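In what follows, a single structure is set out as structure tokens and then discussed.
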Amino acid sequence: ADENKIGSVTEINGTIVAITDELEERDLLIHDPIFLNEEIFVTEGSSATIQFNDSTAIIMNELTSINVSEFENSKKNPKLKAELLKGKIVIESGSIAKNDNGEMLVGVTTSSLGLRGTRIEVNLKPNGKSDVSLAKDSFGNVGEIQVSSGGQTSSITSPEEVLEVSDDNEVVTREKTNDENRFSSHCLTFFTPVVR
């Protein structure tokens, strides 16, 4: 089954579970494989980091759940498609989002985030609203996020801004708060870039 692996768990603090389409659960340990179409869930008081085969890393906070539905790390058609079901994640994109032909999309309720070679933070709140922001990656680069919501597309290229997407698809841009800036700089210490 390891040939179908799309990534693995690189850090765990607490408990992280993989749930298949058939609702079978397995507790994940460090270095355990991640497969397509599994819901990865981080329990209360826990956190985890997953690294995908293209070096994309996702830090998941407590009570966070994601599912990766497409992953192709090829030269011809590189693609990573994931959905944030709930919670808060930080993504440092790998080679797929940095490839000119690459497509990296993260679905958040009714919005879709397109990443272009960057690091982002996404907070999906219980009320259905989400905050999306950019940060410098491990190499000091800042990319771009395109947010498509309700037929309109907005983009951010500044790590000082946050796009707020309401539950009725309204997109508003605002400055990052001090807490959000602290969270960004704290999460940088989690990453050890893997250069291939």
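The values are calculated or read from the model by the stated rules, or taken from the named source; none is laboratory data. Quick caveat: nothing in here was measured; it's all calculated off a predicted structure. Don't worry about glycine lacking a Cβ; one is built from the backbone with ideal geometry, like all the others, and counts go over all protein chains shown. For accessibility, only protein heavy atoms count, side chains too; no ligands or nucleic acids. Shrake-Rupley method; radii C 1.70, N 1.55, O 1.52, S 1.80 Å.
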Given the options ASP131, ASP137, name the one that is under 15 Å from the mean Cα position of the chain (by Cα), in a loop (DSSP other than H, G, I, E, B) and surrounded by 15 or more Cβ atoms within 10 Å (Cβ to Cβ). ASP137
What is the number of the single condition among (1) surrounded by fewer than 21 Cβ atoms within 10 Å (Cβ to Cβ); (2) closer than 22 Å to ILE12 by Cβ that GLY94 does not meet? (1)
Filter region 140-161 down to residues that are β-branched (Val, Ile, Thr) and either assigned to a loop (DSSP other than H, G, I, E, B) or under 13 Å from the mean Cα position of the chain (by Cα) (or both) and give me whichever is surrounded by the most Cβ atoms within 10 Å (Cβ to Cβ). ILE145
Determine whether VAL68 is open to solvent by less than 50 Å² (accessible area, probe 1.4 Å), in contact (Cβ under 8 Å) with a residue 60 or more places away in the chain, within 26 Å of PHE139 (Cβ to Cβ) and in contact with an Asp or Glu (Cβ under 8 Å, 6 or more places away or on another chain). yes
Looking only at region 5-24, count every residue that is closer than 18 Å to ILE89 by Cα and in a loop (DSSP other than H, G, I, E, B) and tell me the total. 2
Answer residue from region 97-115, given it is among the polar types (S, T, N, Q) and not in a strand (DSSP E or B) and is most open to solvent (accessible area, probe 1.4 Å) among those: ASN101
Evaluate the following for THR118: is it touching a residue at least 40 places away in the same chain (Cβ under 8 Å) and either crowded, with 21+ Cβ neighbours inside 10 Å or within 25 Å of GLU38 (Cα to Cα) (or both)? no
Of those in region 20-48 that are aliphatic (A, V, I, L, M) and more than 18 Å from the chain's Cα centre (by Cα), the residue surrounded by the most Cβ atoms within 10 Å (Cβ to Cβ) is LEU28
Mind listing just one residue for me: the one in region 73-90 that is out of contact with any Phe, Trp or Tyr (no Cβ under 8 Å at 6 or more places or on another chain) and under 23 Å from GLU22 (Cα atoms) and, of those, most open to solvent (accessible area, probe 1.4 Å)? LYS86
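Among the candidates ASN4, ASN61, which residue alone is open to solvent by 50 Å² or more (accessible area, probe 1.4 Å) and either over 14 Å from the mean Cα position of the chain (by Cα) or in contact (Cβ under 8 Å) with a residue 12 or more places away in the chain (or both)?
Values: ASN61 fails: open to solvent by 50 Å² or more (accessible area, probe 1.4 Å).
Just a single option satisfies the conditions, and that option is ASN4.
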Inspect region 79-91 for any residue being part of a loop (DSSP other than H, G, I, E, B) and over 22 Å from GLU164 (Cβ atoms) and give the result as yes or no. no
